[in-house]
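Every read-out reported here was derived from the displayed coordinates using simple, explicitly stated rules and does not represent laboratory data. Every value quoted in this text rests on a predicted model; they were computed, and no experiment measured them. Here the Cβ positions follow ideal geometry from the backbone for every residue, glycine too, while neighbour counts run over all protein chains shown.
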Amino acid sequence: MSETAKPALSSVGVPKEIKGDERRVALTPDGAAELVGVGCEVRVEHSAGTGAGFTDEMYEAAGASVVSTSNEAWEADLVVKVKEPQTSEFPQLRSDLTLFTYLHLAAYPAVAEALVSSGCTAFAYETVTDRHGGLPLLAPMSEIAGKLATQMGAHHLSAHLGGAGVLLGGSPGVAPASVVIIGGGNVGWAAATMALGLGAQVTVIDASLDRLRWIDEHSFGRLVHLASNRSTVARCVADADLVIGAVLVAGDKAPVVVTEDMVKTMRPGSVIVDVAIDQGGCIATSTETSHAQPTTEVHGVVHYAVGNMPGAVPRTSTLALTNATLPHISKLAQHGAAVADIDGHLAEGLNVQAGHVVNETVAQSLA
């Protein structure tokens with residue numbers, strides 16, 4: 001775009017996140033400054049960045065306008081968020097709006113219905129691809145969620161929180177905890193490196209032999225890696241102190257790989273962390289929880305299944321998210337929905353347009 005050209009979506013709105021205990025914000029002040037620099041008007045709702053440590057004054061110094069209500073932010077041509085629109089935000093959806101956020105429509109069909117009914121154009125961070133076939137806007141939150149999965153799992157193994165009273169790294173003369181990670185992608189690998197750092201005995205299970213080769217090459221024999229099948233999963237789960245569900249199918253519901261019968265074999269006070277819960281969950285006994293009430297107990301096993309885990313570390317998460325999303329936000333602002341015709345990777349992110357779910361995988365998951 002030339003210096004004098006006007007962005008197709010000339011105003012960008014950043015409303016405050018309202019999902020329970022969500023303190024992230026979709027754009028840092030530095031990100032706002034970049035968008036202002038390419039000719040966009042940036043409207044940030046008052047105190048939208050406070051939970052992540054970014055003040056209104058920081059946004060104003062970056063050239064953004066701080067608006068007093070969410071309505072004013074939502075009135076922008078392009079709205080960027082962190083989480084899917086909440087029920088109270090559905091009235092803000094309209095046919096001339098372009099929305100860019102995490103949608104996870106397979107797990108939230110009511111959101112899909114609201115987007116379709118409104119006629120808006122909605123791009124999802126989690127289905128944007130890169131030239132390697134990866135998911136570059138999902139990766140930073142996956143890495144953070146994976147590290148948090150180990151951290152939260154270790155925390156909830158404490159006896160006063162209902163856990164078995166097991167220290168992940170053990171002690172001289174005492175065996176370390178057994179951590180079983182199902183799924184060896186970005187989430188699983190991040191969880192594994194954190195667990196190894198804490199001294200746990202780590203097993204990673206994955207269906208892809210190519211991914212297991214990668215893990216073998218990069219773990220230098222420090223963990224066990226196994227090909228996934230029902231019997232292997234069942235044996236490993238039964239012996240685990242901590243099970244981390246890290247299975248992802250981009251745009252689709254997560255497959256259930258740990259059955260209720262498997263959970264029943266776990267020792268009382270063992271812990272499950274289901275990172276896939278925002279895609280429906282990969283543990284049969286998981287139900288979505290919140291940061292305020294993060295766990296449930298099923299068959300004597302503590303289940304942690306918070307749907308927005310990276311929201312627990314909003315400063316780190318917001319910086320990592322903006323690093324990944326900003327080039328795409330800028331390109332979307334400059335070209336509007338037509339960007340899907342010139343950027344095949346952003347085109348994969350287009351989930352809803354003109355009253356239809358247009359991403360094939362997402363549409364199949366909602367059928």
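Values computed for the structure shown
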read-out: Radius ratio Rg over Rh of segment 214-337, counting only Cα atoms, Kirkwood formula for Rh; value: 1.06
read-out: Cut-off 9 Å between beta-carbons: net charge of the residues surrounding residue 318, Lys and Arg +1, Asp and Glu -1; value: +3
read-out: Segment 139-311: C-alpha pair distances exceeding 23 Å, %; value: 30 percent
read-out: Full-extension gain in nm, residue 160 to residue 130, via 0.36 nm per residue minus C-alpha separation; value: 6.4 nm
read-out: Equivalent ellipsoid dimensions for segment 58-148 as semi-axes, Å, which come from the Cα gyration tensor, largest first; value: 24, 20, 13
read-out: Residue-span extension gain [residue 87 to residue 259] - 0.36 nm each, minus C-alpha spacing; value: 58.8 nm
read-out: Estimated FRET transfer efficiency (residue 6, residue 210; beta-carbon r; R0 51 Å; 0.05); value: 0.65
read-out: Inter-label distance, nm, simple model (7 Å from Cα along the C-beta direction), residue 167/residue 71; value: 5.8 nm
read-out: Residue with peak Gaussian network fluctuation, the chain [Cα springs, cutoff 10 Å], from 232, 325, 50; value: 232
read-out: The chain, relative contact order in percent, only Cα pairs under 8 angstrom and at least six apart counted; value: 20 percent
read-out: Which of 87, 66, 101, positive extreme of dipole for segment 1-105 (C-beta unit charges); value: 87
read-out: Longest DSSP-loop-exposure-free segment, trypsin sites (Lys or Arg not before Pro), the chain, at most 15 other Cβ within 10 Å; value: 223-367
read-out: Pairwise label distance in nanometres, residue 174 with residue 218, each label 7 Å out on the Cα-Cβ vector; value: 3.2 nm
read-out: Hull shadow area, averaged, segment 276-340 [alpha-carbon convex hull, nm²]; value: 6.2 nm²
read-out: Considering only the chain, percent of DSSP beta bridges that pair antiparallel, nearest 5; value: 20 percent
